[in-house]
């Protein structure tokens, strides 16, 4: 142990305090004046008090390494997809989901003009969000993604309203999947490690046949998504009907 570490330790403070008090009471004489001896006793008492306080953790005289700084400022969010019926505008924070619907069959089937096959895929939407550190965000941080608003569509013939997304066990079929394959419905927490630049999360949603069937062609319904502190709008468009 170096000298400064010993002096600033509990034992060091107590030893120096006791020595000064003994000096103040002339247990050993260094030829000091009465005024100097009085000061020695007072300073010795202060050293003893410091040793007691240090022992009980009131303060510390030794330097400790500060933990890594954590600060949440902003996040940069981008969106991508691999479907022909979904497009996104990363500047406007919008996603356009162009659904097709067959009023006769009451489902999403339509003929794509090739052979006799009918397509049904536009009922399903998948987008991938990349959330990266923005200005002022450092260290281990968390943010979240949430499908905040799911609208309902009223059938003009029956007056019945239908939620735009289907449900499973009273949860909207809006399923988030993190990079580690863990999942969460409607809302997900994203952790960005101290050494990572960002996080990636996939959102899968399923449209309700009853809701889309209650829309008119070129009608639009908006699903609102919050992610990384940003608000995104998924515009569900009934683009093609058969």
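What follows is calculated from the coordinates using simple rules that are stated; it is not laboratory data. Predicted model, so just to flag it, every value in this text is computed and none were measured. Because the Cβ atoms are built from the backbone with ideal geometry, glycine has one as well, and the counts that use them run over all protein chains shown.
Assorted remarks:
- Straightening the chain between residue 179 and residue 160 buys 2.9 nm, computed as 0.36 nm per residue apart minus the Cα-Cα spacing.
- In terms of other Cβ atoms within 10 Å, 43, 227 run from fewest to most in the order 43, 227.
- Segment residue 33-residue 142, extension gain: residue separation times 0.36 nm, minus the distance between their alpha carbons: 32.7 nm
- Sites residue 204 and residue 80 - FRET efficiency at Förster radius 22 Å, r taken between beta-carbons, to 0.05: 0.95
- Summary value for the stretch 136-242: 33 percent relative contact order, contacts being C-alpha pairs under 8 angstrom separated by 6+ residues.
- 85, 232 arranged by Cβ crowding within 10 Å, fewest neighbours leading: 85, 232
- When each of 82, 208, 239 is scored by the number of other beta-carbon atoms lying within 10 Å, the sequence from fewest to most is 82, 239, 208.
- With the simple model of a label 7 Å out from the Cα in the direction of the Cβ, residue 171 to residue 152 spans 2.2 nm.
- For the pair residue 226 and residue 191, a Förster radius of 22 Å applied to the C-beta separation gives a FRET efficiency near 0.85, rounded to the nearest 0.05.
- In this calculation the C-beta distance from residue 216 to residue 93 is compared with R0 = 25 Å, giving a FRET efficiency of 0.45.
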